[in-house]
Amino acid sequence: MSEAVNIPQLRFPEFREEWKIVKLTDIVDVMTDYVAAGSFESLRNNVTVYDKPNYAIYLRLTDLRKGIYHKDLKYVDRSSYDFLNKSNLCGGEILMANIGANVGDTYLMPVIDDFATIAPNMIVIKENRLEFLSAFLFYWLNTRKGEKSINTAISGSGQPKINKTDLKQIKISLTSQLEQAKIASFLTAVDNKIEQLSKKQELLGEYKKGLMQQIFSQAIRFKANDGSDFPDWEEKKLGDLSVVISDGNYGELYPTSSDFKLTGVPFLRANNIKSLKIDGTDTKYITEEQHSLLTSGHLQTNDILITTRGVLGNLAIVESTHNGSNINAQICLLRVTNTSELNHFYLLFVLDHRDSKKQYKAFETGTALKQLPKGNLRKIKLKLPTLFEQNKIANFLSSIDTKIEQVDKQLDESKQFKKALLQQMFV
């Protein structure tokens, strides 16, 4: 007797039986995009969409990505809702993007107190049999095997679209309802943790943004250690401070695509500058020999990087891991030369403040490709307290950044944990 092979790698111990294979069409009742009247012309003639609350929520793909009940929801009246009767939702349906860049993306509709219906370009998948749970199918569709199965039903290149007939024929592995429920419940708890961390990440970001506005508008002021007030702030141009401003490398020595290596000296580009940090994803490398020739972009710890071509004003501080790296022509480096005058972290934060960002816009040049020339960067006006108050501000905002980084790490770990579970709890 052969051993059962259709079982998952990771399983709750009380379950033993082999999973069975079924076609999607055997376990779903309705799979439809907009079918109420058969044409987009009839949709335009019979459906009125409102910006303010009305009879029913009118869900679009963007709404699903943002979450139900966000501030920019659209609505339809009772007549429109009745016209869209085959696309109306009760909760528990799986919604799938039917066309476009996000084709195949899936969402599980929560149970809500309001009436809801969907816009075109989505497929609705509703459970058909009592032994099948839509939450289980939703998670299966997000496994690597599920995504590959969805891809087999997608056709077209310029505007990819799901072929519903092919989608109905994909095969999935199904276990008992009890095991489905345990798997779905466990993964839902992981999703809830991810959602909580995402909200915490967003709230911390908004908290920091609000504090920065109050600090740099001087609505909040720090006190000296003896409780006394610090002196009034000054306003100075960046070019008048003890800061070396150097842009990336140009000319005939500039690396071409054939010069990039798998290892060597990191050659940072604008896409590596994110959220005040250097993101090592998709890093390019050059040889030590070429690095020695491109001297204007050699980095030192605590240099500040700012993107000056394309997307302007993204910032990062150079940590010790990138001491000795190099930068391309999309980036300028700012190096504080007198630390008794200027705290480099304070400079980072004040350059990230919205008043500075407005100046980047004012001083930009170019039409097709926006640029912030080094000479114009020197004209940026900054509010400058004494070094002691700079230190307090920098330490305070850095402490918030540390909390944000901790949440970022927890969020990333939770997402990786879920990814591993999806591959091991299903077949």
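The values are calculated or read from the model by the stated rules, or taken from the named source; none is laboratory data. Keep in mind the model is a prediction, meaning the values are calculated, not measured. With ideal geometry, Cβ positions are generated from the backbone for all residues, glycine too; neighbour counts draw on all protein chains shown.
Enumerate the pairs (first residue in region 287-311 and free of Cβ contacts under 8 Å to residues at least 40 places away in the same chain; second residue anywhere and part of a helix (DSSP H, G or I) and aromatic (Phe, Trp, Tyr)) with beta-carbon separation below 9 Å, excluding pairs fewer than 6 apart on the same chain, so at least 6 apart or on different chains.
Listed by first residue and then by second, the contacts come to nothing, as the list is empty.
Among the residues of region 123-139, are any surrounded by 20 or more Cβ atoms within 10 Å (Cβ to Cβ), on the phi < 0 side of the Ramachandran plot and polar (S, T, N, Q)?
Yes, there is a match, as at least one residue in region 123-139 is surrounded by 20 or more Cβ atoms within 10 Å (Cβ to Cβ), on the phi < 0 side of the Ramachandran plot and polar (S, T, N, Q).
Just checking, which of PHE345, PHE396, PHE349 is at pLDDT 95 or above, hydrophobic (A, V, I, L, M, F, W, C) and not assigned by TED's automatic domain parsing to the domain that holds THR307?
Among PHE345, PHE396, PHE349, only PHE396 is at pLDDT 95 or above, hydrophobic (A, V, I, L, M, F, W, C) and not assigned by TED's automatic domain parsing to the domain that holds THR307.
Out of curiosity, is ALA4 of a type in the set (Gly, Ala, Ser) and either at pLDDT 95 or above or assigned by TED's automatic domain parsing to the domain that holds ASN163 (or both)?
No: the conditions fail for ALA4.
For region 38-66, enumerate the residues that are among the basic types (Lys, Arg) and either assigned by TED's automatic domain parsing to the domain that holds ALA181 or exposed (fewer than 14 other Cβ atoms within 10 Å of the Cβ) (or both).
Hits for region 38-66 are ARG44, LYS52, ARG65, LYS66.
Identify, please: which residue in region 67-97 is within 22 Å of the chain's Cα centre (by Cα) and surrounded by 13 or more Cβ atoms within 10 Å (Cβ to Cβ) and is, among those, nearest to GLU202 (Cα to Cα)?
Taking the candidates together, the pick is ILE68.
Step by step: first the residues of region 304-325, then only those that are in a loop (DSSP other than H, G, I, E, B), in contact with a Leu (Cβ under 7 Å, 6 or more places away or on another chain) and of a type in the set (A, V, I, L, M), then the one that is surrounded by the fewest Cβ atoms within 10 Å (Cβ to Cβ). Which residue is that?
That would be LEU312.
So which residues in region 121-136 are over 25 Å from the mean Cα position of the chain (by Cα) and of a type outside the set (Ser, Thr, Tyr), if there are any at all?
Passing the criteria: VAL124, ILE125, LYS126, GLU127, ASN128, ARG129, LEU130, GLU131, PHE132, LEU133, PHE136.
For region 333-341, state whether one or more residues are at pLDDT 95 or above, of a type outside the set (Lys, Arg) and under 25 Å from ILE286 (Cα atoms).
Among the residues of region 333-341, at least one is at pLDDT 95 or above, of a type outside the set (Lys, Arg) and under 25 Å from ILE286 (Cα atoms), which makes the answer yes.
What tally of residues in region 92-113 results from selecting those that are in a strand (DSSP E or B) and of a type outside the set (Phe, Trp, Tyr)?
7
Against the condition free of Cβ contacts under 8 Å to residues at least 40 places away in the same chain and either exposed (fewer than 13 other Cβ atoms within 10 Å of the Cβ) or within 30 Å of THR48 (Cα to Cα) (or both), how does VAL103 come out, does it pass?
Criteria not met by VAL103.
For LYS358, which of the numbered conditions (1) farther than 19 Å from ILE278 by Cα; (2) basic (Lys, Arg); (3) surrounded by 13 or more Cβ atoms within 10 Å (Cβ to Cβ); (4) under 28 Å from the mean Cα position of the chain (by Cα) fails to hold?
If we test LYS358 against (1) farther than 19 Å from ILE278 by Cα; (2) basic (Lys, Arg); (3) surrounded by 13 or more Cβ atoms within 10 Å (Cβ to Cβ); (4) under 28 Å from the mean Cα position of the chain (by Cα), just (3) comes out false.
Working only within region 245-283, note down all residues that are free of Cβ contacts under 8 Å to residues at least 60 places away in the same chain and in contact with a Lys or Arg (Cβ under 7 Å, 6 or more places away or on another chain).
Within region 245-283, just PHE260 meets the criteria.
Residues checked against (1) surrounded by fewer than 16 Cβ atoms within 10 Å (Cβ to Cβ); (2) farther than 30 Å from LEU174 by Cβ:
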{"site": "ILE327", "(1), (2)": "no, yes"}
{"site": "GLN330", "(1), (2)": "no, yes"}
{"site": "PHE349", "(1), (2)": "no, yes"}
{"site": "GLY375", "(1), (2)": "yes, yes"}
{"site": "LEU384", "(1), (2)": "no, yes"}
{"site": "LYS419", "(1), (2)": "yes, no"}
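Inside region 94-123, can you point out the residues that are over 13 Å from ASP63 (Cα atoms), at pLDDT 90 or above and touching a helix residue (DSSP H, G or I) at 6+ places or on another chain (Cβ under 7 Å)?
ILE94, GLY104, PHE115, listed by residue number.
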